1. About the Cα centre of segment A:326-390, how large is the charge dipole given +1 on each Lys and Arg Cβ and -1 on each Asp and Glu Cβ? Please answer in debye to the nearest 20.
2. What is the calculated FRET efficiency for residue A:339 to residue A:266, with r their C-beta to C-beta distance and R₀ = 22 Å, to the nearest 0.05?
3. From the residues B:103, B:139, B:119, which one has its Cα farthest along the dipole of segment B:86-168 in the positive direction, the dipole being from +1 and -1 charges on Cβ of Lys/Arg and Asp/Glu about the Cα centre?
4. So, with +1 on the Cβ of K and R and -1 on the Cβ of D and E, and no other charges, what is the size of the charge dipole of segment A:238-324 about its Cα centre, to the nearest 20 debye?
5. Got a sec to turn the phi values of segment A:53-63 into Karplus ³J(HN,Hα) couplings, 6.51 cos²θ - 1.76 cosθ + 1.60 with θ = phi - 60°, whole Hz, x for Gly and Pro?
6. What distance in nm separates the simple spin-label points at residue B:203 and residue A:76, each placed 7 Å from Cα in the Cβ direction?
7. On full extension of the chain, what length is gained from residue B:141 through residue B:214, given 0.36 nm per residue of separation minus the C-alpha to C-alpha distance?
8. In a Gaussian network model over chain B where Cα atoms closer than 10 Å are linked, find which of B:37, B:133, B:191 has the largest mean-square fluctuation.
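Throughout, read-outs are computed from the coordinates displayed, never taken from laboratory work. Because the structure is predicted, anything quoted here is derived from the model rather than measured. Positions of Cβ are backbone-derived with ideal geometry, glycine not excepted, and every protein chain shown enters the neighbour counts.
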Amino acid sequence: MDRFSWCDGSLFPDEQLVEQQGGVAVYDGHDKTPFISGFLMLTTHRLLWRDQKNRNCVISLPLSIILGLDEQPSGFTKSAKIVAHLQSPSPGQPPGPVTHSAHSFIRLSFRELGQQEFFRSLKEEVKKKRWESQTQQSGSSSASGSGSSNSQGLLPRQRPGIVGIERSIQAKNKETNKNISQAFQDLKNLMEKAKDMVNLSKTIATKIKEKQGDITEDETVRFKSYLLSMGISNPVTRETHGEGDKYYSELARQLATLLTKPIEETGGMMTLTDVYCRVNRARGMELLSPEDLLHACELMEFLRLPIRLRTFDSGVSVLQAQSQNEEEVVSETCAIVEKQGNLTSEQLSQLLGLSVVLAKERLLMAEKMGGVCRDETVEGLNFYPNRFLTEA
Amino acid sequence: MSRRPAGIAAIKNKSLAQAKYKDKGSAIADSQFAQMGKQMEMFKGNLEDFATKHRDDIRKDPEFRLQFQEMCASIGVDPLASSKGFWAEMLGVGDFYYELGIQIVEVCMATSKRNGGLISIEELRRKVEASRGRNSQAISIDDLLRAIKKLKILGNGFSVHKVGGSFLVQSVPGELTLDHTVVLQQAQEKGNVTKSDLVNLLSWEEERARRALDFMVKEGLAWVDHQSGNEHSFWFPSLIPDFSNSLN
């Protein structure tokens, strides 16, 4: 353990990330250390361990001092471990978490699996000795099997059969891991590789969906992912459309384009709070304030858009699809009453799959227009076709 | 020389080999899947970090912003990651409470199928915190209430009710809820329904059942029967079976 030194987690210029794995604990010989849960990264030069909570806490171990490697398979209550036997500490090494240790080996405990993969890569890197000279082509099998116990001297050429398949899968994974960590090194890199990363993220998500049905158990995260996928490419902002009326009317138009379909799908109505959430998710980081949203919605009627703002007496505000035009609704309601003979609001709500409040409202509206008549009894409110008008 | 037909041992060997191939195959598939999961976690962590650190830069570039959003969408990462700074705390300014508002409504929308748009503030807090990702600060109940207050201008569709010492958030208003219709369906057979019927048969929360029934009594759609044993039952006049016909 005294061979470890503190570092800032950044890589040397010619150093490359090979493999990484979360949920790894470091043991000093047989003893536990405070480094319980972290990300273990294997590079061409070093082993890096980063604390999962405090990401500034990083320790490193040069691969060059690893004398040999062993595996300890997982037991009933134990995680699989890798044992690394180390050279005695060299004088003048940078400061580390422990100044003196009784053990000359460390153990890495893989609590979230991945031990086999890691062991294979680690063994290979120790063997390749890429830290010695970067110009050396990878894996030109330097003869000295540097102590790795059961090394088979595998050449990186394509092998047929199962081992070959495993190798190529492994190589591909390694490549992907490398690509991801390179792209996310800084913002500039990510912007350059954005397109590839978008595709990669989609591939990963699709594959995971194939296997377990969805990317996550969490219903909110699933819903979030759905809402985000409805992104708008050019959100109307004050910067693009200026202040005042022009901004609001453009905003209203954009809202109408975005929302008309979802509103019709949810039965022709959506509360403004739901609208607020949907719109902002589609806009991503370009937030819209509740005030601006309300103002834009108020303009919808004036602009003759297919959705309108509507406020109920209870103070509930919704956006409503224009297909629910008053006259059409009234004649539709009258037709249903005619067909059924008589109707209460509960019955209408069941027939149309509407809320009871809205069903009642429809009937009252139809009554106001003279389409139906009420029969008000102690059993409740019932509506009949208006024969006073039709049969007089 | 003609080939000897395969004996039993050969067949056994063959099927053994096949079983082994199959095992190996599923082992490879499993490890491949574990790798995918790992890459997904890598993506997630990286995206969360970038959303926190480079927010303004990402916003500046429209093309990249969309790409970033696409990545967030496929991995399920929240791109909104403002932290509650000093000014947000003191004056409620800045994006923090607006973002929180969006996240709150999102949780409510996502769970409304299950809970009918009623959620306790404690559950809401837990879910919001979980969906904000690992870089999130702790969110307090007070934060939630402040964020919800900012939504007030959008109408009464989203409201907070005090229940005992805690709060209940209602995200589906009476105008849009289908709970009442479901109650009616439930009552169709017997003409009446009790609160525990709804709780047991529909696995509703008790509060949800109580609210739905209270509303229907208030609207004159349901009558209460105080004499039906240990629990009140609710009758719906429009559903009461027509006994006059069956007598004839």
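1. 100 debye
2. About 0.25, to the nearest 0.05.
3. Highest projection toward the positive end goes to B:119.
4. Its charge dipole is roughly 260 debye.
5. Values per residue, Gly and Pro as x: 8, 9, 6, 7, 8, 10, 10, 9, 9, x, 5 Hz.
6. Distance between label points: 3.5 nm.
7. Length gained between residue B:141 and residue B:214: 23.5 nm.
8. Highest fluctuation among the options: B:37.
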